[in-house]
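Notes for the one structure printed next.
The values are calculated or read from the model by the stated rules, or taken from the named source; none is laboratory data. Just so we're clear, the structure is a prediction, and the values are computed from it rather than from any experiment. Note that each Cβ is placed from the backbone with ideal geometry, even for glycine, and that neighbours are counted across all protein chains shown. Note: areas computed on protein heavy atoms with side chains; ligands, DNA, RNA excluded. Shrake-Rupley method; radii C 1.70, N 1.55, O 1.52, S 1.80 Å.
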Amino acid sequence: AQSVTQLDSQVPVFEEAPVELRCNYSSSVSVYLFWYVQYPNQGLQLLLKYLSGSTLVKGINGFEAEFNKSQTSFHLRKPSVHISDTAEYFCAVSVGNQGGKLIFGQGTELSVKP
Amino acid sequence: GAGVSQSPSNKVTEKGKDVELRCDPISGHTALYWYRQSLGQGLEFLIYFQGNSAPDKSGLPSDRFSAERTGGSVSTLTIQRTQQEDSAVYLCASSLGTGGPAGYTFGSGTRLTVV
């Protein structure tokens with residue numbers, strides 16, 4: 001069975017500092033990988049996705065993630081965060097032969113302080 | 001419409017009552033998904049519709065939960081005899097095809113509170 005682990009439930013960081021949100025997955029078959037962001041009182045918004053090809057994926061708002069097959073990781077990074085990046089971030093995996101159903105991690109709450 | 005629309009945005013109900021939650025997907029999106037987001041449980045898959053195929057109900061937590069999708073468009077999630085543990089945000093998403101490569105578009109959710 002597939003599973004997703006987000007290693008940090010909360011990440012506090014100062015404005016303009018770099019940040020990495022960690023995500024590991026387990027699957028015996030090829031997967032698609034996603035990062036979603038949820039701002040307070042809003043729905044989930046797609047940040048970026050890995051389907052195939054280049055392992056470095058760039059998304060919206062300056063975020064990027066790197067797919068590492070050997071370590072089964074898909075960590076999310078941003079070189080300089082803003083106050084407006086404060087939100088909950090979810091890593092998810094989709095297995096192609098299961099109709100696109102997403103398995104989500106537990107989420108990481110990113111809190112950016114001035 | 002331009003996005004996935006869910007109604008109501010908030011619902012407070014008494015324990016034991018039935019509730020219906022509605023989802024209007026993006027026009028032309030053939031796949032529709034329901035997820036539940038609750039404290040301590042994260043995001044859980046509930047049910048998935050794809051075109052005219054039989055829905056994947058593998059995530060429904062009990063037989064009190066059911067969903068239908070009429071005309072391949074609007075979907076209704078029904079919870080019968082609500083319990084306090086049903087309190088959560090219920091999220092609907094739609095996608096072109098099976099969502100894998102395309103990713104989803106989520107609605108803003110319905111916050112259900114059972115008192």
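Among the residues of segment A:49-64, is any in contact with a Pro (Cβ under 7 Å, 6 or more places away or on another chain), within 12 Å of chain B (Cβ to nearest Cβ) and open to solvent by 50 Å² or more (accessible area, probe 1.4 Å)? Yes, the conditions are met somewhere in segment A:49-64. If you take the residues of segment A:2-27 that are open to solvent by 80 Å² or more (accessible area, probe 1.4 Å) and in contact with a Lys or Arg (Cβ under 9 Å, 6 or more places away or on another chain), which of them is farthest from residue A:74 (Cα to Cα)? For segment A:2-27, the residue satisfying everything is A:14. I'd like the full set of residues that are in a strand (DSSP E or B) and among the β-branched types (Val, Ile, Thr), limited to segment B:30-55. Scanning segment B:30-55 gives a single hit, B:47.
A count restricted to segment B:39-55 and to residues that are under 29 Å from residue A:108 (Cα atoms) and open to solvent by 40 Å² or more (accessible area, probe 1.4 Å) stands at 4. With a requirement of 1 or more residues that are among the small types (Gly, Ala, Ser), within 13 Å of the chain's Cα centre (by Cα) and on the phi < 0 side of the Ramachandran plot, the strands (runs of 3 or more DSSP E) lying completely within segment A:1-80 that satisfy it span A:64-68, A:73-78. Candidates in segment A:30-44 are the residues that are farther than 19 Å from residue A:101 by Cβ and at pLDDT below 90; of these, the one that is nearest to the other protein chains (Cβ to nearest Cβ) is A:42. In segment A:88-114, which residues are more than 14 Å from chain B (Cβ to nearest Cβ) and open to solvent by less than 50 Å² (accessible area, probe 1.4 Å)? Selection gives A:110, A:111, A:112. Within segment A:47-60, at least one residue is out of contact with any His (no Cβ under 8 Å at 6 or more places or on another chain) and under 19 Å from residue B:42 (Cα atoms). Does residue B:20 satisfy being open to solvent by 80 Å² or more (accessible area, probe 1.4 Å) and either in a strand (DSSP E or B) or within 25 Å of residue A:40 (Cα to Cα) (or both)? It is true that residue B:20 is open to solvent by 80 Å² or more (accessible area, probe 1.4 Å) and either in a strand (DSSP E or B) or within 25 Å of residue A:40 (Cα to Cα) (or both).
For residue B:36, the test of being surrounded by 17 or more Cβ atoms within 10 Å (Cβ to Cβ), modelled with pLDDT of 90 or more and under 19 Å from residue B:104 (Cβ atoms) is passed. Please work out if residue A:83 is β-branched (Val, Ile, Thr) and either without any contact (Cβ under 8 Å) to a residue 40 or more places away in the chain or in contact with a helix residue (DSSP H, G or I) (Cβ under 6 Å, 6 or more places away or on another chain) (or both). Here the answer is no, as residue A:83 does not meet what is asked. Out of curiosity, is residue B:27 open to solvent by 70 Å² or more (accessible area, probe 1.4 Å), within 11 Å of chain A (Cβ to nearest Cβ) and in a loop (DSSP other than H, G, I, E, B)? No; evaluated as a whole, the condition is false for this residue. Considering segment B:56-115, and only residues there that are within 14 Å of chain A (Cβ to nearest Cβ), part of a strand (DSSP E or B) and over 12 Å from the mean Cα position of the chain (by Cα), the residue that is surrounded by the most Cβ atoms within 10 Å (Cβ to Cβ) turns out to be B:95.
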